[in-house]
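Inspection log for the structure reproduced underneath, given as structure tokens.
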Amino acid sequence: SKVRYGDPEYIVPGIDKGIVLARSSHTGARPDVLWPARVMHHNETKLLQQSKRGRPKENGTYSCELVFFCPYWGQSPGTSAQKAGWSYPIASIFETENVEANKTCIQAYGDLKEIDIAELRSSFALTGLAKSTFKYYVDAHRLALGFLNYANTSLQPPQEANRATPDIAVLQGCHVMSLQTPLFPSGLLELPWGYVLSGLDNSFSQSGTDQIREPPLNLQGMLAALERPHSIGGPDLEYGDKDAPLRAHVGGSEERNGANDMEVEVTPDPNSSQPSAGDGSVRGDPLPTGQMTTIDYKHLKIDQFVGLNLLVTMIKKGHSAFSKLSKAAKEASKESQPVDLSGLGETFLSVLDMVSKQVKNYNSEQKKGEDVNPHEWDGNTARVLQTILVLKVRGEDTILGSFVGLTDREKCKDYLAQWRNACERLFRFARRMLSWEESGGGVSCVLTDSNCNGHLTGSGSFERSVRLPAALKGARNAGYKPVKGRFKIHTSVEREFTKLATETVLPMVHEKKYLSRLRKRVEAISGLERGVPLTDDSDGKGGDDTGGSAGSYNAAVSGVACALKAVKMVVTGQAVNAFCATRPPGHHAGTGLKAMKATSNGFCLLNSAASAAKYAVAQLEDGGLGLKRVCVIDFDVHHGNGTQDILCKTYDPRFLYVSMHAGAKYGSGDGDSESDEEDEDGMKRSKAGRADDIFPGKCGDKSPHGGVLNIPMGQKVTAQLVGQALSGVINNAVGSFSPDLIILSAGFDAHVNDPLGLGGLSASDFGAITDLCCRFAEWHCSGRMISVLEGGYGVPCCKFTRNDLFLPENYQMGDTEKKVIELSADTRAKIGWVEEENNSDEMPAWMGRDLLRCAQEGFVECVTAHCKSLKNGAEIFKP
């Protein structure tokens, strides 16, 4: 088999904290699962080698010594760990292993602030590990986050000038990361970890409760408890407190962009000379000097409608950011006087004042028993929330401007994060307080339009019209209904959005000649024709997989309009997230024909996901929504070459495009997979074919710049590879990007029963993928996310009609064909499909056979799992 090699110059981001995600080569471990670990310092490694005589000498410049936390492969049946549940034997808590230093084996852990059990449960579901190992997975992350928090708060990072280099590492006979990782105190490493872990709450392991969050372990406090007592000259310590916290109380945990992170009570200090929050004033961090302090807080009457003084907490954090930023900017800037930030703080408080007045009016109308005009109220709420997001963008520009001319722009990152969190807190508070039955926090919706079924493809095409009723059936199974409520199906899109699409957005997305040519081709189709090639080139070569009918252009425009409406709904607070059940798909449609040298348009006409992204970041005066950053996450089994072509042909800081797809193995770039041998990433690939045979070709093999993260997964997409990517590189990339909106290109053709045969995912896997994406949205943009339907073709035949020619008169159908016909009736009943004159489901016999297995689990079940996760993601923000 192929040999894996380490890179002596590879440095994982965040190595100065020492915590990573890594693959174990232990015989009991899955080679495709990333597990929390700590990179050992070279000094530790030398001591370890001295204590293990006879240990074979490793080539240290190509690998690192890692300590895996709570390895599930170290827990054998019958050990005390199994018998006692959570009482670990010391030997099983840490396992040392030499791991190749490359991006496949060692990846960044990320800078998390707390343990989120729901997030861990979703990522664990994609690992393929037994459910009994979930407790080890949680404890491993508990330890990793505890060490990470200790490194952040108690260890001094090395100066850049003193940072070790690969050349120095060669002289030391180790890898450079073994010198850049922190050297943790020996007392910390020798704590009674079995006792610590056995004392933690693990009720979620049995109950399956998801809404549990934990701050990191308080390792600083544990070390302090080991210091000498007062009687022998040590510091004064309080002993005997059985309720002494194991958890750290760090400010960072409040900075997390979660749904309830504003639920922090500000307790008045009786010894403080400052007025309490009950007086309408703000105590705690002093306000910056200037006009900001002249704002009268008393009319806000915060305590009347906020039980836990949420706004007081928010103001306090906002002022903390302003005062720290002003001070740091003045101290750091030696070239010019930085921008005065008092105006930014004053604007923040003015918007806060506007929110409070709007909430007061809403509560007043409810007390009077007056009916709220939904359209008027949504309009007022939209103005408030858009003002907050515009404030967020302008504040970022002001903060970045205050650091112009500085040599170290990294210093403004913390201040940007504080500003973003303050604005998102205000957004969540306003959305929650201004919610009503069908609009606001806790609302998720499905958007569709009957025009989308005017797109009729030919016999033999997997992109069939039955996909739309099947998708809507999946949404109904998840609890969405075309009636009033928090989970509503919107069955049509208003003309204002189709006009917005045709006149404003589509010209920004596709070339004028492409739109004109597509429209003329559709206009030339007679009313009865279907499956007519729409996107082949002028020579008529290729493109015949993208056929349509007289209604195809209107169908595609309606799909784009639904996506635009969905974006506006989540940005203006009418919904937390939304799913667009539309067709035809669009992520292969680029600015022009055959994006990125693809052989065809792959069933796609107009790109709804890219249109939604362009609309979101367009300036308000240009008809857009004025957001600063949009992240598109594409989990269709094919690379979204069209979306990358439109948004990221060159680097654009407004967009981050992420794609997980079948194709050449990650980082190879050659697209070759001719053998069953083990690749350098430790995974075995299929012999069948070459990866560049997978549509749309090699364009998704590599990431051309920082605005694109392409993750090809070989000949077949598996849950383990997807989970590894989402928990590792995608999590870190989205965190660094900090989007204002997330758009999902939701393709379900990586399902194990999909007729394309490129995936191995189950419906529950798609639910876990959506759960993790909802978490990304929760952390960074208050849950704002839309999902646009792309691929996914696992719908059995709805009415089988043979179109094979030259059959003998006495031809007898076989058992398989009889099963296809029998299943057709069941499928029609299942999805509510009704045959119309121009809407049959004719297909060749081979295709009917390929779709048989989808009856057990297929497209409908995938959409159901996806929509259930969207509902759960929205309900976190329920008032």
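Which FRET efficiency value, to the nearest 0.05, is calculated for Asp815 and Asp693 with the Förster distance at 30 angstrom and r the Cβ-Cβ distance? Intermediate results must be reported in sequence, preceding the final value.
Working: r = 33 Å, r/R0 = 1.09.
The formula returns an efficiency of 0.35 here.
Compute the length gained on full extension between Ala225 and Glu822: take 0.36 nm times their separation in residues and subtract their Cα-Cα distance, giving the result in nm to one decimal. If you can, show how the numbers build up before the last one.
Numbers: separation 597, 0.36 × 597 = 214.92 nm, distance 7.18 nm.
Stretched out fully, the Ala225 to Glu822 stretch lengthens by 207.7 nm.
Can you give the accessible area of Cys580, probe radius 1.4 Å, in Å² rounded to 10?
The accessible area of Cys580 comes to roughly 0 Å².
Starting from the Cα of Glu376, step 7 Å along the direction of its Cβ; do the same at Glu496; then give the gap between the two resulting points in nm.
The modelled label-to-label distance comes out at 1.6 nm.
Stretched out fully, how many nm does the piece from Ser203 to Ala845 gain, at 0.36 nm a residue minus the Cα gap?
Between Ser203 and Ala845, full extension yields 225.9 nm more.
Along segment 574-585, what does the Karplus equation 6.51 cos²θ - 1.76 cosθ + 1.60 (θ = phi - 60°) give for ³J(HN,Hα), rounded to whole Hz, x for Gly and Pro?
6, 8, 7, 8, 7, 10, 9, 8, 9, 7, x, x
Measuring from label point to label point, each 7 Å out along Cα→Cβ, what is the Lys597 to Ser450 span in nm?
4.6 nm
My understanding is that a pair violates if its Cα-Cα distance is over 22 Å; which of Lys594/Lys702; Lys113/Lys360; Lys488/Lys878 do that in this structure?
Values: Lys594/Lys702 19 Å; Lys113/Lys360 34 Å; Lys488/Lys878 15 Å.
Distance filter (> 22 Å) returns Lys113/Lys360.
How long is the gain from Ser526 to Arg394 if the chain were fully straight, where each residue apart is worth 0.36 nm and the alpha carbon distance is subtracted?
On the way: separation 132, 0.36 × 132 = 47.52 nm, distance 5.15 nm.
Extra length from Ser526 to Arg394 when fully extended: 42.4 nm.
Under a plain spin-label model, where a point goes 7 Å from the Cα along Cα-to-Cβ, how far apart in nm are Asp353 and Lys103?
Rounded to a tenth, the inter-label distance reads 5.0 nm.
Rounded to the nearest 10 Å², what accessible area does Ile633 have for a 1.4 Å probe in the complete protein model?
That residue has around 0 Å² of solvent-accessible surface.
Taking a probe of 1.4 angstrom, what is the accessible area of Glu511 in Å², to the nearest 10?
Here the accessible area works out near 80 Å².
Go through Lys392/Lys413; Lys103/Lys614; Lys392/Lys512 and tell me which ones have a Cα-Cα distance over 23 Å in this structure. Display every interim value, and only then the final one.
Numbers: Lys392/Lys413 15 Å; Lys103/Lys614 32 Å; Lys392/Lys512 34 Å.
Check vs 23 Å cut-off fails for Lys103/Lys614; Lys392/Lys512.
What is the Rg over Rh value, at two decimals, for segment 89-180, using alpha-carbon atoms and the Kirkwood definition of Rh? Could you put the intermediate results ahead of the total?
Values: Rg = 16.5 Å, Rh = 16.1 Å.
The Rg/Rh ratio comes out at 1.02.
Please give the FRET efficiency for Leu47 paired with Lys649, using the beta carbon to beta carbon distance and R0 = 41 Å, rounded to the nearest 0.05.
Working: r = 52 Å, r/R0 = 1.28.
Computed FRET efficiency for Leu47 and Lys649 comes out at 0.20.
Pop out the carbon and sulfur fraction of the accessible area of segment 712-776 as a percent, whole number, probe 1.4 Å. Numbers along the way, then the final one.
On the way: 620 of 1170 Å².
Within segment 712-776, the accessible surface is 53 percent carbon and sulfur.
Taking the Cβ-Cβ separation of Ser459 and Lys513 as r and a Förster radius of 30 Å, what is the calculated FRET efficiency to the nearest 0.05?
Numbers: r = 31 Å, r/R0 = 1.02.
Calculated transfer efficiency: 0.45.
Could you list the chymotrypsin sites (Phe, Trp or Tyr not before Pro) in segment 621-666 that lie in coil according to DSSP, counting only those with at most 12 other Cβ atoms within 10 Å of their Cβ?
Values: sites: Phe635, Tyr651, Phe655, Tyr657, Tyr666; in loops: Phe635, Tyr651, Tyr666.
In loop regions of segment 621-666 (DSSP not H, G, I, E or B), the sparsely surrounded chymotrypsin sites (Phe, Trp or Tyr not before Pro) are Tyr651.
If we sort 868-879, 738-749 on the protection proxy, mean other Cβ atoms within 10 Å, highest first, what's the order? Numbers along the way, then the final one.
On the way: 868-879: 21.1, 738-749: 27.2.
Descending packing order for the listed peptides: 738-749, 868-879.
The values are calculated or read from the model by the stated rules, or taken from the named source; none is laboratory data. Bear in mind the structure is a predicted one, so any value in this text is a computation, not a measurement. No Cβ is skipped: glycine too gets one built from the backbone with ideal geometry, and neighbour counts run over all protein chains shown. What goes into the accessible areas is simple: the full protein's heavy atoms, side chains included, and nothing from ligands, DNA or RNA. Shrake-Rupley method; radii C 1.70, N 1.55, O 1.52, S 1.80 Å.
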